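Enquirer: The following block contains the structure, expressed as structure tokens.
Nothing in this text is a laboratory measurement; each read-out follows from the coordinates by a stated rule. The model shown is predicted, which means the values in this text are computed figures rather than measured ones. Every residue, glycine among them, receives a Cβ derived from its backbone with ideal geometry; neighbour counts consider all protein chains shown.
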Amino acid sequence: MNSWMSGLWLMVFGLLLTGCATTSVQSNVTAFHEWPAELKDKSYVFERTPEQDNNLEYRNYENLVRNELKRLGFTEAANAKAAQLKASLEYGISVRDVRVIEPVAVAPYWPGPFWGPPWPGYYRRGYYGPFYDPFWYGPPMIEQRDVSFQVFTRQLKVKLARVSDNRNLYEVTVVSEGTNGSLPVVMPYMVRSAFADFPGPSGVPRRIELQMEQ
């Protein structure tokens with residue numbers, strides 16, 4: 001195969017890969033905090049709304065936050081009176097329709113009459129030329145294809161506040177977009193992103209990408 005033809009094929013292959021499903025979760029994370037330089041007592045309790053208190057989905061996400069807090073050295077107290085901090089979380093998902101025009105590689109067309117064999121020995125060799133060259137008719141052509149799909153915007157907010165005066169010490173917002181509309185699948189990675197480099201820079205937007213477990 002000629003070098004120019006090989007280069008063209010690599011370009012076409014790269015274009016095809018752009019349509020493949022991703023195996024990572026990318027999140028935009030922004031945290032605002034007034035975290036004390038030294039906080040010896042890291043005991044906390046979860047503060048829930050009445051709706052959250054009887055919501056099994058919420059409980060699942062709360063467990064994810066609980067695991068991250070434990071990793072960071074926090075301990076869950078039996079009740080608010082025994083806790084220094086209180087944690088709360090909110091989450092949601094929305095969807096929008098997207099339409100894009102994308103390039104697609106297609107096989108070149110046979111320029112001759114459709115009613116006759118394109119070359120001698122056509123029926124012996126099948127649809128390929130004497131050397132089984134995929135570019136027998138020429139290099140692949142790029143056509144435009146209209147594609148419609150849905151994009152989901154997933155959002156998570158977590159707060160840590162002092163129990164004594166209700167003062168917020170840490171507020172983080174995680175926004176992630178993708179074609180996966182299942183919050184239970186994506187949420188573990190969003191929670192991990194919320195506490196990456198805790199407490200992290202205050203008021204500085206960051207983009208965090210985590211590889212999904214297969």
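Enquirer: What FRET efficiency comes out for the pair Glu38/Arg96, r = Cβ-Cβ distance, R0 = 41 Å, nearest 0.05? Walk me through the numbers on the way to the answer.
Expert: Values: r = 45 Å, r/R0 = 1.10.
Plugging the Cβ-Cβ distance into 1/(1 + (r/R0)^6) gives 0.35.
Enquirer: Now for a different question. What does the highest-first list of 178-187, 34-43 look like by mean Cβ count within 10 Å? Don't skip to the end; give the middle numbers.
Expert: Values: 178-187: 15.0, 34-43: 10.2.
So the order, starting with the most tightly packed, is 178-187, 34-43.
Enquirer: If each residue of separation counts as 0.36 nm, what is the full-extension length gain between Thr153 and Ala105 once their alpha-carbon separation is subtracted?
Expert: Numbers: separation 48, 0.36 × 48 = 17.28 nm, distance 3.04 nm.
14.2 nm is the gain from fully extending Thr153 to Ala105.
Enquirer: I need the phi-derived Karplus couplings for the range 208-214: 6.51 cos²θ - 1.76 cosθ + 1.60, θ = phi - 60°, integer Hz, Gly and Pro marked x.
Expert: 10, 10, 10, 6, 7, 6, 8
Enquirer: I would also like to ask the following. Near the amide H of Leu85, under 5 Å away, which other amide H atoms are found, from residues 5 or more places off or on another chain, if H is placed in the peptide plane?
Expert: Ser43, Tyr44, Val45, Val163
Enquirer: In nanometres, what is the gap between the two model label sites at Asn180 and Gln214, each 7 Å from Cα along Cα-to-Cβ?
Expert: Modelled inter-label distance: 1.4 nm.
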